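Data block below; observations after.
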2 protein chains.
Amino acid sequence: MNDASIAEEDVILFRYNMNNFIFKNPTKLIFGKGQIAEISKEIPFDSKIMVTYGGGSIFNNGIYDQVMTALEGRHYIEFGGIESNPDYDTLMKAVRIANDNGANYLLAVGGGSVIDGTKFIAAAMKYKGDCPWDFMVDQKEVDKLELVPFGVVLTLPATASEMNEGAVISRREKKEKLAFHPANNFPRFSVLDPQVCFSLPKRQISNGIVDTFCHVLEQYLTYPTNSLLQERFSESILITLKDIGPKLYENSNDYDLCANFMICATMGLNGFTSMGVPQDWATHMIGHELTAQFGLDHAVTLALVGPSLMRVMKEEKREMIMQYGERVWNICEGSEDERVDAAIDATQYFYERVGIKTHLRDYDIGSEYFDEIANRFNTRGWCLGENKTVNCAKVIEILQGCL
Amino acid sequence: MNDASIAEEDVILFRYNMNNFIFKNPTKLIFGKGQIAEISKEIPFDSKIMVTYGGGSIFNNGIYDQVMTALEGRHYIEFGGIESNPDYDTLMKAVRIANDNGANYLLAVGGGSVIDGTKFIAAAMKYKGDCPWDFMVDQKEVDKLELVPFGVVLTLPATASEMNEGAVISRREKKEKLAFHPANNFPRFSVLDPQVCFSLPKRQISNGIVDTFCHVLEQYLTYPTNSLLQERFSESILITLKDIGPKLYENSNDYDLCANFMICATMGLNGFTSMGVPQDWATHMIGHELTAQFGLDHAVTLALVGPSLMRVMKEEKREMIMQYGERVWNICEGSEDERVDAAIDATQYFYERVGIKTHLRDYDIGSEYFDEIANRFNTRGWCLGENKTVNCAKVIEILQGCL
């Protein structure tokens with residue numbers, strides 16, 4: 001056997017066996033009606049708590065009051081004003097206040113931004129280096145530390161940050177936005193009361209549905225690795241979202257719809273569906289640049305980029321798109337090409353059905369910045385996607401497909 | 001609104017909303033080819049380890065050697081001979097040896113019996129009372145303790161004990177067999193190398209497939225609670241087992257079949273499919289009595305009792321049996337009754353296809369002990385099933401259906 005044939009065999013093995021994996025997710029989910037009252041039991045009694053939150057919505061929907069009632073008699077301070085795409089400067093203020101007050105437990109009351117921000121605070125409070133931004137670039141130091149424990153009261157289902165270790169932090173001053181995933185930074189507990197959805201604006205419901213759908217597609221729509229169960233888990237989330245999404249968009253006051261939505265969002269990015277399978281994430285990476293350039297909502301960028309990326313990459317993804325079309329959208333008729341196209345169209349139509357426009361023209365955006373955006377990937381030396389084949393030229397092709 | 005109408009509304013809510021739930025599973029899964037070598041990294045270096053195992057199979061299939069290679073240079077003792085349905089007396093011997101040698105970390109190398117037994121050892125080593133059997137009856141004392149940490153090298157996929165906190169322990173001397181579920185007794189880590197299946201006897205493969213299938217049915221085939229995602233997760237495991245089971249029974253040397261089997265078994269009873277849904281477990285309870293009476297393999301009793309129970313309880317389970325038939329077995333034609341019957345027949349045929357006979361006559365067993373078995377439930381005051389409607393008379397009817 002010569003070298004070439006060994007290499008070829010390796011590729012075949014890599015493509016068609018379930019990959020080795022490690023899975024660990026210690027977060028305690030406390031799910032259901034009235035569960036916010038449980039938080040006090042979860043936080044050790046002698047804790048000095050800092051409650052973190054965002055803007056004012058928790059004051060209007062009763063969640064703030066529920067949290068305060070649960071914390072009655074406990075020692076706590078508050079830190080509000082964590083913005084969308086939480087900013088380093090804001091969070092460093094929180095770190096100083098927490099340390100000055102001897103806080104040793106954090107309670108994030110919010111959606112992805114507040115939870116992500118709180119993960120950063122938990123790490124920065126323990127970091128011994130000069131500038132905590134350093135661990136966003138190289139998280140080895142953080143992986144060694146015992147971080148400040150924290151819990152979550154989720155107010156907005158979408159990111160699954162309530163049951164994973166990841167966080168995305170922005171540093172506007174330096175125009176940087178980085179992700180970190182310290183292995184020891186899972187929430188100790190997360191309270192998911194579906195009733196928090198009742199007061200969400202329609203736009204947040206739309207965003208949450210599309211964000212979750214796209215999280216699952218990033219872990220599913222790659223190439224087959226004989227991971228039969230994981231593929232079916234992903235399809236389970238996609239089918240459930242397909243079934244409930246349009247109804248939920250019309251009526252976010254239905255407990256069962258909200259409960260199913262909430263559990264889909266959490267299970268969509270907590271490690272369960274990614275066990276042993278390849279992952280893509282090119283839609284997210286290109287989407288981040290559209291947010292940076294045009295200020296579009298994150299989920300809007302996914303609804304724009306996702307279908308176009310599927311079209312441009314359909315040869316590499318053909319097998320999984322076919323399976324997705326058949327199992328999620330019942331597309332079983334026509335030639336292979338027709339079925340692939342129908343599955344992509346169904347995805348795009350779904351995003352529109354749940355309230356997100358899927359063309360850049362809908363947002364009055366043209367092609368002026370495409371070269372600049374694509375070049376940023378070039379500059380960083382990044383090729384995207386499960387096979388690292390989404391290069392600068394492909395990014396431009398994908399962006400053109402969004403027009 | 002009068003009392004009757006309030007009560008009726010409560011029932012409707014109970015039956016048709018997703019139930020509140022708490023989910024926590026901190027076990028670290030280390031999955032894939034060659035992963036047994038990783039165990040040394042998972043056990044703190046200064047640990048005094050006791051390795052626990054069962055009979056001789058790990059000496060013949062190379063697993064013992066892999067474990068010993070991984071533990072080279074570490075401080076450890078061994079305790080072998082944990083039997084199927086692990087016995088109190090055996091385990092108490094292990095507790096004494098572990099304590100005498102100052103062991104502070106356990107490593108279970110085996111299937112469900114060895115893992116269950118090790119969970120008991122981990123608790124009994126820390127228990128301060130006179131007789132550790134007491135905590136099998138009332139586990140409150142154990143819930144308060146920090147138990148001895150332990151890891152697992154799984155040799156036999158079936159029980160999911162490698163990723164849950166449950167254990168079933170027998171005390172032959174007193175003819176007792178009890179389950180316990182201390183909240184703090186999850187394995188710290190479990191190594192799942194699908195290659196361990198290559199050397200399993202066909203009977204173990206059959207048992208593992210049927211055991212897993214039945215675990216999922218116990219959590220799924222009850223009544224609808226609008227837990228759309230959890231139902232689809234359960235169906236995912238059932239469909240995957242349906243697809244791979246007969247092939248695996250013919251050939252347990254195929255890595256992908258073994259990998260999918262192994263992950264199905266673990267995910268089938270680790271809390272993930274039971275989030276927010278009612279559970280049955282009558283098949284298991286009746287099956288335990290058949291094992292006690294006739295010495296039948298656990299999985300054999302499930303294959304006997306399961307289909308008969310579905311027939312006897314089909315009115316209560318009608319909606320979920322219909323859904324199961326359609327989604328797992330593609331049964332979409334005929335009257336409702338015909339479809340329900342076809343789904344039950346398909347289940348029974350599946351158990352036969354993977355090598356387990358489904359009638360008591362296949363094991364030369366008649367109806368002589370039916371009354372005695374059913375009376376045991378009466379004596380204990382137990383009614384079984386998700387609605388507690390499986391009484392003594394129903395148990396006899398179910399057993400008669402197994403003839």
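The values are calculated or read from the model by the stated rules, or taken from the named source; none is laboratory data. The model shown is predicted, which means the values in this text are computed figures rather than measured ones. Reconstructed Cβ throughout: ideal geometry from the backbone, glycine too, with neighbour counts over all protein chains shown.
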Could you run through the range B:352-363 and say how many residues are in contact (Cβ under 8 Å) with a residue 40 or more places away in the chain and either within 16 Å of B:GLY287 (Cβ to Cβ) or more than 24 Å from the chain's Cα centre (by Cα) (or both)? 7
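Scan B:GLY117, B:GLY32, B:GLY111 and give me the residue that is on the phi > 0 side of the Ramachandran plot, surrounded by 19 or more Cβ atoms within 10 Å (Cβ to Cβ) and within 23 Å of the chain's Cα centre (by Cα).
Testing whether each residue is on the phi > 0 side of the Ramachandran plot, surrounded by 19 or more Cβ atoms within 10 Å (Cβ to Cβ) and within 23 Å of the chain's Cα centre (by Cα) leaves just B:GLY32.
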Filtering the range B:71-108 down to residues that are hydrophobic (A, V, I, L, M, F, W, C) and assigned to a strand (DSSP E or B), which residue is nearest to the chain's Cα centre (by Cα)? B:ALA108
Go through (1) away from chain B (no Cβ under 14 Å); (2) modelled with pLDDT of 95 or more for A:SER199 and report which single condition fails. (2)
For the range B:171-187, does any single residue satisfy the condition of being facing another protein chain (nearest Cβ under 10 Å), surrounded by 20 or more Cβ atoms within 10 Å (Cβ to Cβ) and of a type outside the set (Gly, Ala, Ser)? yes
Which of the numbered conditions does B:LYS177 fail, given that it passes all the others? Conditions: (1) closer than 17 Å to B:GLY111 by Cα; (2) at pLDDT below 95; (3) of a type outside the set (S, T, N, Q). (1)
Of the residues in the range B:294-309 that are under 16 Å from the mean Cα position of the chain (by Cα) and of a type in the set (Gly, Ala, Ser), the one that is surrounded by the fewest Cβ atoms within 10 Å (Cβ to Cβ) is B:ALA299
Report, by residue number, each residue of the range A:217-227 that is within 14 Å of chain B (Cβ to nearest Cβ) and surrounded by fewer than 24 Cβ atoms within 10 Å (Cβ to Cβ). A:PRO224, A:THR225, A:ASN226
Filter pass, A:PHE350 being surrounded by 12 or more Cβ atoms within 10 Å (Cβ to Cβ) and either closer than 19 Å to A:CYS214 by Cβ or among the small types (Gly, Ala, Ser) (or both): yes
Determine whether the range A:134-144 contains at least one residue that is in a loop (DSSP other than H, G, I, E, B) and assigned by TED's automatic domain parsing to the domain that holds A:GLY54. yes
Which of the residues that make up the range B:16-38 are within 26 Å of B:GLN230 (Cα to Cα) and assigned to a helix (DSSP H, G or I)? B:TYR16
Log entry, pairs with first residue in the range B:290-315 being in a helix (DSSP H, G or I), second being among the acidic types (Asp, Glu) and surrounded by 19 or more Cβ atoms within 10 Å (Cβ to Cβ), beta carbons closer than 6 Å, six or more apart or on different chains, reads B:ALA299/B:ASP211
Identify, from the list B:LEU360, B:LEU302, B:LEU290, B:LEU384, the residue that is hydrophobic (A, V, I, L, M, F, W, C) and in contact with a strand residue (DSSP E or B) (Cβ under 9 Å, 6 or more places away or on another chain). B:LEU384
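Any chance you could count how many residues in the range B:123-169 are among the charged types (D, E, K, R) and in contact (Cβ under 8 Å) with a residue 40 or more places away in the chain?
So the count comes out to 3.
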Could you please let me know if A:SER234 is crowded, with 24+ Cβ neighbours inside 10 Å, touching a helix residue (DSSP H, G or I) at 6+ places or on another chain (Cβ under 9 Å), within 14 Å of chain B (Cβ to nearest Cβ) and polar (S, T, N, Q)? yes
Subset of the range B:247-273, residues away from chain A (no Cβ under 12 Å) and small (Gly, Ala, Ser), comes to B:SER252
Answer from B:ASP243, B:ASP211, B:ASP193 - the residue that is modelled with pLDDT of 95 or more, crowded, with 23+ Cβ neighbours inside 10 Å and at the interface with chain A (Cβ under 10 Å from one of its Cβ atoms): B:ASP193
If you check every pair at least six apart or on different chains, which have Cβ atoms under 6 Å apart with a residue in the range B:97-121 that is among the charged types (D, E, K, R) first and a residue that is outside any loop (DSSP other than H, G, I, E, B) second? B:ASP116/B:SER161; B:ASP116/B:ALA167; B:ASP116/B:VAL168; B:LYS119/B:ALA167
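Yes/no per residue for (1) within 14 Å of B:VAL312 (Cβ to Cβ); (2) in contact (Cβ under 8 Å) with a residue 12 or more places away in the chain:
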{"site": "B:ALA342", "(1), (2)": "no, yes"}
{"site": "B:PHE350", "(1), (2)": "no, yes"}
{"site": "B:ILE365", "(1), (2)": "no, yes"}
{"site": "B:GLU368", "(1), (2)": "no, no"}
{"site": "B:ASN375", "(1), (2)": "no, yes"}
{"site": "B:ASN387", "(1), (2)": "yes, yes"}
{"site": "B:ILE398", "(1), (2)": "yes, yes"}
{"site": "B:LEU403", "(1), (2)": "yes, yes"}
Take A:LYS41 and tell me if it is under 30 Å from A:ALA292 (Cβ atoms) and either part of a helix (DSSP H, G or I) or without any contact (Cβ under 8 Å) to a residue 12 or more places away in the chain (or both). no
